[in-house]
Amino acid sequence: MMAQDRFRSILVLTLSLSSLLPAAKGQVADWRQIVIPPLPAFNPQEPRRVELHNGMVIFLQEDLELPFIRGTARIRGGSRDEPATKIGLAAIYGQVWRTGGTRSRTGDDLDDYLEARAARVETGGGIDSTSISLDCLKDNFDEVFKIFVELLREPEFRDDKVPLAKNQLDTGIARRNDEPAGVAAREAQKLGYGANSPYARQPEYATVAAVTRDDLVNWHNTYVHPNNVILGVVGDFDSKTMEEKIRTAFDSWPKGPAPAPPQVSFNGPKPGMYLVQKDDVNQSNIRMVELGTRRDNPDYYAITVFNEIFGGSFSSRLVEDVRTKKGLAYHVGGGIGTAFDHPGLFQISMGTKSGTTAAAIDALYEEIDGLKTRPPTEEELKRAKDSILNSFVFEFDSKGKVLQERMSYEFYGYPADFLERYRAGIEKVSLEDVQRVAQKYVHKDGLAVLVVGKAADFDKPLTSFGPVADIDISIPPPPGAAKAAISTTSEAR
Amino acid sequence: MRIRALSILLGGALFAALPVTSSGQDLASLEKQVTVKVLDNGLTVVVCERHEAPVFSFFTHVDVGSDREYPGITGLAHMFEHMAFKGTDKIGTKDWPAEKVALAKVETTYAAYDRERRREFGRDEQKVAELKKAWEDAIAEAQTYVVPHAFDEIVEENGGVGLNAFTTNEETAYHYSFPVNRVELWAYLESERFLHPVMREFYKERDVVYEERRMRTDSDPNGRLFEQFLGTAFIAHPYGRPVVGWPSDLKTFSATDAENFFEKYYVAPNIVVAIVGDVKTAEVLPIVQQYFGRLPKRPQPEPLATVEPAQDSQRQVTVQDPAQPLYVEGYHKPSARDTKEEPVFDALQDLLSNGRTSRLYRSLVRDKKIAAFAGGFNDFPGAKYPDLFVFFAFPTPGHTPGELRDAIRPEIERLKTEDITDDELAMIKTRSKADLLRTLGDNAGLASQFATAQGVFGDWREFFHEVQRMDQLQKADIRRVANQTFVDSNRVLGMIESTQMAGGRKKQQ
């Protein structure tokens, strides 16, 4: 600490002296001569973990900077658990849970009451969980928390809000082919996991129409039990008092069953070329995908370093070669995807003008081949590790972020000190590790290559890379709709 | 191009009115953390101490965007923004003296080639090909001196995060965050890029920027509509031109054009640098002085002369497109610098658009069920010059832009003829205070607010003052402004008419 301060004052003194010298003007040392002092010691404040008798886990994180309190409860069970005939159920549930109100108040009443206090209580549905959050000035906490608790324990799912939520999903379905990058992201996911995989499938008019209010009530009764809930609260409060309030609200809540996550098989894509015809664009969206892995894989650290080198930063190979040197793209990037409890996808993504589509695919192949012909170097390794380790402090530079991380580790059963292990793991990564994961997870012959674009304008037909499978993205009509009203996107060619 | 939903100009707080006690932030306590210094060359520095974690963020606001372009060089402000990542005479070169000569040759060969290829009569194709070859050879020669991505690499290997920049119709901004032990390195890098910028790899980067245009505008139905919509709304003012530039200009302008643009507009008095985080002001200011003080003292360019003439009858643009429909309706209004009217438009935005209590949500989405989203937004496409208040809505499947228009219109009439309720007025005021408070807990967000408010209004406190003014708002202000703004002759309509039916669904059951 002393040394730190002394160093700084010397630094300032040197600078102010040099500024007096005319010769120094415009001739400040080049960046390599700038001394970087050690970063001050920093021990981020950890949230306090409390577990109730009924299994509900609570994290309390005091943050007195601003007069707000924010909280999120994350509940096991999400869209990957919904039946294939009712895709969209978790998303509809995530809306109507809040808009449908509680036993004592309608959702519209809640809107008026909360908005008048600049407060928010919102719900949502995700892939593996649903959530309910609150955000309010601390002086309104008690009344807002009461609503939060009522929504958890006595939601009403009033019928009139069900069609409203379905409207939102139907609009999303109708518009899902409008933006080419959206089409590419969705279809790449389907190629990587399989079109019917819980990690890729999409709601359709028919599956949305099949969802009823009873489904929403059943969902709530199946999943929302204290032993499936992790609650995190951050803000301007005293932990002891907050713990008491939470205990009072939830101690009496009886435990319920804990449904197991779905058994999903991951077989990877069928390699080859895939085309989505889209005639109203002058840029092709290209994706290359195969299966990635999980974060509890010991390779995770080497993968993180590899990604930084390959396609995860401005100074990565993909950006440098494909964007900067060849000028073929504005957007290009990629890497080996990882997720907490299921394999992520290896994915490369880029956009290039229609007339350089084949050239761009060649350029991407060249980068993949390059992993063998010009394997990552010591210099690249050092730069990538420096980048990850020097920016490590940004993983926990706010109390809210620290809370989020801890909640994620709890949710997925990862060790509480995963972040510290991550730092240690990155430090140990060697060049051999990086080269090994590049060979292990990136397979040119295993890739599904997807192009969303206007084929007539391509520089070479995609068939020059092999047989091409056309993907039909036309939207299945809603049940009972007149066939005549439908047309697909592939007319006039 | 972006719609500033709740722009930095409209958050804000008068804390005395809030039920906030001990720990709350307010303007008085923030003033103790903030220091403003204008250097001798005219560059403004704003420093804010926030000791949450050993990191800091900065935001460099340059008071020029596409507003200072003219036909032929549209897109150039944005192009220069890209060039500011290409390094300097020390960063990114293997041999600067030789590279400098090579880059000069790129420019002379390009000028010769460009002149010949654009000749309208008597163009000699063989000569064009030769000149093009000479230019390409010069580029290849210059490329041999380049260390690609040197600037990005220095930032990234030193732990920089959020490295990026953006250009709007009136501003260019650069930002990232660093660990706090890199303050001096940052000051060096950020001042050096504006002291010794080098137009290396310019023409390849021009292709990259063109890809950005294809992504954001050409291949995106909403992008296609908004380019046409703004071109219809503004016939004289640069707000009518795309920030990314017209295709012809993106294929024509030169590195010399970019250098000239830089020389004229990147002058110290046009630049505000805000730095927020775990810094000590007394230590940062001398460093900033040392590095940014090196920028030459040059005069500020004259203000933009062109003012959009008053619109005297309704305009309309319809884009026929395979995509799903969209409806937009805009009205000309004064700039955000009009401190009397701006809070009223901010209040209108909140009333019409913010959340499930908003009027357009309740009418179009909840009750009529013809829209999936509907809102009214202030300060489009910018805030510095007279701009637009725009309503826009996405229909649910089977509904048309015309139905949206017909449903929005009575909501506008209601603003003119009925006072908003006491509850609505109180809600708007409460939310504006709380929303500002919510922005204060983030270094990067604060740096952006400080720099932009200081740059556009000459005072970082402006984002507090706005809300103090909002707190004085009367119901009659809303009616007055609605009556003077939302009139037929001041309206610009824009819509996407779908050339194909969406998934069939007709009317909501």
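A short reminder: the numbers here are calculations on the coordinates, not readings from a lab. Just so it is clear, the structure is predicted and the values come from calculations on it, not from any experiment. Virtual Cβ from ideal backbone geometry, glycine too; neighbours counted across all protein chains shown.
Brief remarks follow.
- Estimated FRET transfer efficiency when R0 is 56 angstrom, pair B:R409-B:T306 (beta carbons, to 0.05): 0.95
- A crude spin-label estimate for the pair A:E420 and A:E143, with each label 7 Å from Cα along the Cβ direction, gives 4.3 nm.
- Whether chain A is rounded, prolate or oblate, judged on the alpha carbon gyration tensor where a/c under 1.5 counts as rounded: oblate
- With each label modelled as a point 7 angstrom along the Cα→C-beta vector, the A:A469-A:V217 pair spans 4.3 nm.
- The alpha carbon gyration tensor of the stretch B:44-101 gives principal lengths a ≥ b ≥ c with a/c of 1.5 or higher and a/b no greater than b/c, which makes the shape oblate.
- Rounded to the nearest whole Hz, the Karplus-based 3J(HN,Hα) values (6.51 cos²θ - 1.76 cosθ + 1.60, θ = phi - 60°) of the stretch B:418-432 follow the sequence 10, 5, 5, 7, 4, 5, 4, 4, 5, 4, 4, 5, 4, 5, 5, with x at glycine and proline.
- Between A:F340 and A:A260, the distance separating the two model label sites (each 7 Å from Cα on the Cα→Cβ line) works out to 2.1 nm.
- Other residues lying with their Cβ under 12 Å from the Cβ of A:H225 contribute a combined charge of +3, Lys and Arg counting +1, Asp and Glu -1.
- Helix-only CD estimate at 222 nm, as mean residue ellipticity for chain A, using -39500 (n - 2.57) per DSSP H run (n ≥ 4): -11500 deg cm²/dmol
- Relative contact order of chain B, defined on C-alpha pairs under 8 angstrom at six or more residues apart (%): 26 percent
- Nearest-0.05 FRET efficiency for A:D362 and B:A111, computed from C-beta distance (R0 41 Å): 0.80
- Cβ-placed point charges (K, R +1; D, E -1), dipole of chain B about Cα centre in debye, nearest 20: 1040 debye
- Exposure proxy shown here: for A:K245, B:K133, the number of other Cβ atoms within 10 Å sets the order, fewest to most, as B:K133, A:K245.
- Ranked B:R224, A:R406, criterion: other C-beta atoms within 10 Å, fewest first: B:R224, A:R406
- Antiparallel DSSP beta bridges within chain A, percent to nearest 5: 75 percent
- Put the Cα centre of the stretch B:305-362 next to the Cα centre of the stretch B:80-148 and the gap is 44 Å.
- Gap separating the Cα centres of the stretch A:361-417 and the stretch B:232-257, nearest whole Å: 39 Å
- Full-extension gain in nm, A:D459 to A:E395, via 0.36 nm per residue minus C-alpha separation: 18.7 nm
- Each Lys and Arg contributes +1 and each Asp and Glu -1, all at the Cβ; summed about the Cα centre of the stretch A:272-470, the dipole is approximately 140 debye.
- Chain B: calculated mean residue ellipticity at 222 nm from DSSP helix runs of at least 4, using -39500 (n - 2.57): -13000 deg cm²/dmol
- On the basis of the beta-carbon distance and an R0 of 35 Å, A:E427 and A:L64 show a calculated FRET efficiency of 0.55.
- Lysine pairs meeting the criterion (Cα under 19 Å, 8 or more apart or interchain), as found in the stretch A:48-250: 8
- For the stretch B:312-328, backbone phi angles converted through the Karplus equation (6.51, -1.76, 1.60; θ = phi - 60°) give residue-by-residue couplings of 10, 7, 4, 10, 8, 10, 10, 9, 8, 8, x, 6, 6, x, 8, 10, 10 Hz, Gly and Pro being listed as x.
- Length gained on full extension, B:Q472 to B:K280: 65.5 nm, using 0.36 nm per residue less the C-alpha separation.
- In straight-distance terms, cross-link reach from B:K264 covers every one of the lysines whose alpha-carbon lies under 19 Å from its own, apart from those fewer than eight places away in the same chain; here that gives B:K297.
- Rounded Å value of the spacing that divides the Cα centres of the stretch A:128-188 and the stretch B:158-231: 34 Å
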